[in-house]
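So the structure is just underneath, and the comments pick up after that.
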Amino acid sequence: MSALTPRLLLAIATALLAGAGPGAAAPDPRAQAGKPQALKLADPKAQSAKPKDAKAPKPPAEAQAPDPADLKPESKLGGKSGRATRSQVPLVGGPVAPDDFALRYYASMKQTARVNAELARLHTLYPSYEPPADLYEAPASNAIDEEPFWALYSADKIDELKEAIAAKERELPGWKPSADLASKLRRKELRMKISSLWKAEKIDDLVAYLKGEDISELTEEVDVLWTIAEAYARAKQNEEAVNMFKRILTTSKDPNIRVATVQKALGALRMADFETLLASIPGASKGSNEFQQIAIDITRARIAAYLHDQRKEEVDPADVEKFEAYARNSREANQIGLVAWYAYKLRDFNKALEWFKLAIQSDGDAMIAHGLAHSLRALNMKREAEEVAYAWHEPLVNNAILFLDLLETDLTREIPPFIEADRLARYAKVTMETSSGEGAQGLGWYAYNSCQWDVAAFWFERAVAWFPKDATVYGYAMSQKRLKKEKGLYEMANRYDGLFAKVIEILFPDGYYHPPSPCDQKGSEKLHGPGVRTAAFMAPGPAIIPGAAPNYSQQEINYAAQKNFSYPVDAKPGAEEKRVAAMLKAIKGKFPAQVEMQNPMRFRPLPIPSLMSQRIPAMSFPPAAEGPLRKEANEPAPLVARRVPGVGPMPYEKFGFSLLPGYNGQETASWPPYTQQIAPPGTIWAQQEADPAKAGLAVFDSRNPANARGLPPGGGQPIAGYGQKPLATYGQQPAGGYGLPGAYGAPAAQAPYYQPAAPRQAPAYTQYPPPMSR
């Protein structure tokens, strides 16, 4: 007996594993030769029961020791016994019959039980199939042995396989590969091409390839169909993506595949498209039936879409309530934080505060602390919000920005309130670490309004270097004037001529009466507490007037306010002309004048210790390269400034001075200036300014009646007078505690917290007239 081929050995092994009983279904040897395909679950009854109309020809009686001469039953095709011709045998894989290689093999081995089992399997797949009458006489294969082709198929050598098939077709005209091999080759070629383009992230090429190919053969390749649907979604072809996911859901009966398909769509589609997909599936939108197990996932996605403005409708309260219970039981900070942010989005700040506190106690991260600080600010608990933002300012820059923003409002008041020295020192430290121009100008104005001129100049100098703007440059110029540094004042005025009119007003006063500020009185250096000086910065001391008496009576304050900016200092005839002549004579040769137009102030930030390992050492920065723009900037500037679009008129224009036309030919001043215009609707700035949470005021609506009249629950906070310490409720620790300095989620009692002393009686807030407006 000749040696068996590997293909025959595989068929024998498969038959032994499947069982030799007459009802056992024998697997297709060629199907086993390739890679595993999508699992087909046939009806067990159909496989075990032998069809009545599928009877195999009976083998000869002497099956135990067959004689080749006796194994030739009478053929129904030819009338006489004998081998059928090639044309009488159905072609393997042809249109009239399936691939019956295994059936013929078992017949050649005279294994009747396996012949009947294989015949039952073929009849289940092809009900109209009739076995050949000369089954036991026909050879095991009436076609070309495809074993080499299947070997190439199993090794994924598609190109070599196609070349081998083409060579065989040239050798034997009219020969075609079996239908099984051809269909599996086609599917594998599609699958490999799609996979290669997907892994290479060539999404556009993949979509273009799919539009030119028929993918109907991939119905059972669910993983490939998922890839196709996600590719359409990433290519922004949303309708095709929805249709592909819908196709999988409508053709697949496996509940696990259907649920997994919805989860895939949840991560790939936009929320609006995902809702369209759910609407086409009965029960999916409400998470019923088989989709009940992912109802929480769907609610989570809807909440996230609402937070990112990808969904306009609020989530069903019943679904939110279920998700809240899930989040509370999970004890996961991210799930609890999602509930907190959703409540914050709905302006239910009290609820958001409680959920953010719960998230912090569940090991919430810096972003959770960011939401906690925002909720405290929205409820007008700014002191507490400041503590939370500072405690988490290093892990997340958003908290550092919020920390600087919270205190900046108090720092820039014209009548500076009392702020503790340690708070000012840490504010200065964060400002230096982040190179914040806003923080620097806030410290500058606090020092200036509390008569600390050298400290004000220090911070204004850095504010101009990091974020030059009208109020910042004006503060630096005013500090130079207070310090009697005339050179610095005129350099700033000439450098920013045409841009910041407020700076030019210092050189061209309006001639009207302005009441003095507290810093104009004798002994103003005693109106503030001692500052904090370090090697890197100098923080201003607390602004406080210990027992200072009013320098004006209330009647004088009211009179000064009436004539402020409206009553000239000297109303005698000809006095104004003399004043203008003296003013122009005083600035002659000093303004206009040529100065270096580049900002000479350069300051590096103070490194944050936690980020030192991530930063390049300061001394390793290469010097700036010389370029044409830099050389051009070093040329002397013209004496007359250009008109800047968006800037109002310069103070000297009424005296006959004029500016050169702007870069766009504009010759007249903009009015009103851009700085005085309201931000256009729809811009981020307009939305931030309109947000009541930014100002510490809550919105009154039907969902949150506790926030009526814009006041936090329990009433508003009283305002301390000038030089007065905050009242007891201002820094009072809230019940429950939240993320303050210390370990993650540590109670507030374990962390240092400012407890102000009992308030003392202080003069009224309007005791002193406001200083010169900036």
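The values are calculated or read from the model by the stated rules, or taken from the named source; none is laboratory data. The shown structure was predicted, so the numbers you read here are calculated from the model rather than taken from an experiment. Cβ: placed from backbone, ideal geometry, glycine included. Neighbour counts: every protein chain shown. All accessible areas refer to the heavy atoms of the entire protein, side chains included, with ligands and DNA or RNA removed. Shrake-Rupley method; radii C 1.70, N 1.55, O 1.52, S 1.80 Å.
Derived from the Cα gyration tensor, the three semi-axes of the equivalent ellipsoid of region 122-207 are 33, 18, 10 Å, largest first. Computed from label points 7 Å out along Cα-Cβ, the spacing between Glu213 and Gln263 is 2.7 nm.
The candidates Tyr446, Tyr344, arranged from most to least accessible area with a 1.4 Å probe in the full protein assembly, appear as Tyr344, Tyr446. Considering every alpha-carbon pair of region 335-445, the percent of pairs per 5 Å bin, from zero through the bin containing the longest distance, is 2, 13, 23, 21, 17, 10, 10, 3, 0. Note on Glu394 and Leu483: the model spin-label points, each 7 Å out from Cα along the C-beta direction, lie 3.2 nm apart. Ligands, DNA and RNA excluded, the heavy atoms of Asp422 present near 100 Å² of accessible surface to a 1.4 Å solvent probe. Length gained on full extension, Thr668 to Met597: 23.2 nm, using 0.36 nm per residue less the C-alpha separation. Shape class of region 414-536 from the alpha-carbon gyration tensor: oblate, with a/c at 1.5 or above and b/c at least as large as a/b. Computing FRET efficiency as 1/(1 + (r/R0)^6) for Lys588 and Asp510, where r is the C-beta to C-beta distance and R0 is 22 Å, gives about 0.65.
Estimated at the nearest 10 Å², the accessible area of His393 is 20 Å² with a 1.4 Å probe.
What region 246-380 shows is 46 Å² of accessible area per residue, with the surface traced by a 1.4 Å probe over protein heavy atoms.
In this structure region 498-544 gives 45 Å² per residue of accessible area when probed at 1.4 Å with all protein chains present.
Distant-in-sequence amide contacts of His528, defined by a placed amide H-H separation under 5 Å and a gap of 5 or more residues or a different chain, comprise Ile544.
In region 244-311, the C-alpha radius of gyration followed by the widest Cα-Cα span (Dmax) gives 11.3, 35 angstrom. Coupling constants for region 118-127 follow from the phi torsions by the Karplus curve (6.51 cos²θ - 1.76 cosθ + 1.60, θ = phi - 60°), and in residue order they are 5, 5, 5, 5, 5, 5, 5, 7, 10, x Hz; glycine and proline get x.
Entry note: region 167-215 has Rg to Rh equal to 1.16, where both radii use alpha-carbon atoms and Rh is the Kirkwood radius. Seen from Trp355, the other residues with C-beta closer than 11 Å to its C-beta sum to a net charge of 0, counting Lys and Arg as +1 and Asp and Glu as -1. Under a model in which nothing but the beta-carbon of Lys, Arg (+1) and Asp, Glu (-1) is charged, region 203-282 shows a dipole of about 380 debye around its Cα centre.
Given a Förster distance of 35 angstrom, what is the FRET efficiency for Lys469 paired with Ala535, based on the Cβ-Cβ distance and rounded to 0.05? Using R0 = 35 Å, I get an efficiency of 0.75. Extension gain, Glu689 to Ala571, is 38.2 nm, computed as 0.36 nm per intervening residue step minus the present C-alpha separation. Cross-link pairs exceeding 29 Å between alpha carbons, from the set Lys176/Lys253; Lys345/Lys382; Lys469/Lys590; Lys481/Lys522; Lys236/Lys351; Lys526/Lys578: Lys176/Lys253; Lys236/Lys351; Lys526/Lys578. Its Cα gyration tensor gives region 241-357 an equivalent ellipsoid; the semi-axes, largest first and in whole Å, are 28, 15, 11. Remark: region 324-340, residue by residue, has Karplus-estimated 3J(HN,Hα) of 4, 5, 4, 5, 5, 6, 6, 6, 9, 4, 5, 5, 5, x, 5, 5, 5 Hz, where x stands for each Gly or Pro and the curve is 6.51 cos²θ - 1.76 cosθ + 1.60 at θ = phi - 60°. When the alpha carbon gyration tensor of region 444-493 is reduced to an equivalent ellipsoid, its three semi-axes come out at 14, 14, 8 angstrom, largest first.
3J(HN,Hα) along region 204-209: 5, 5, 5, 5, 5, 5 Hz, from the Karplus curve 6.51 cos²θ - 1.76 cosθ + 1.60 with θ = phi - 60°, whole Hz, x for Gly and Pro. Using R0 = 51 Å, the C-beta based FRET efficiency linking Ala151 and Lys322 works out to 0.40.
The candidates Ser362, Ser658, arranged from most to least accessible area with a 1.4 Å probe in the full protein assembly, appear as Ser658, Ser362.
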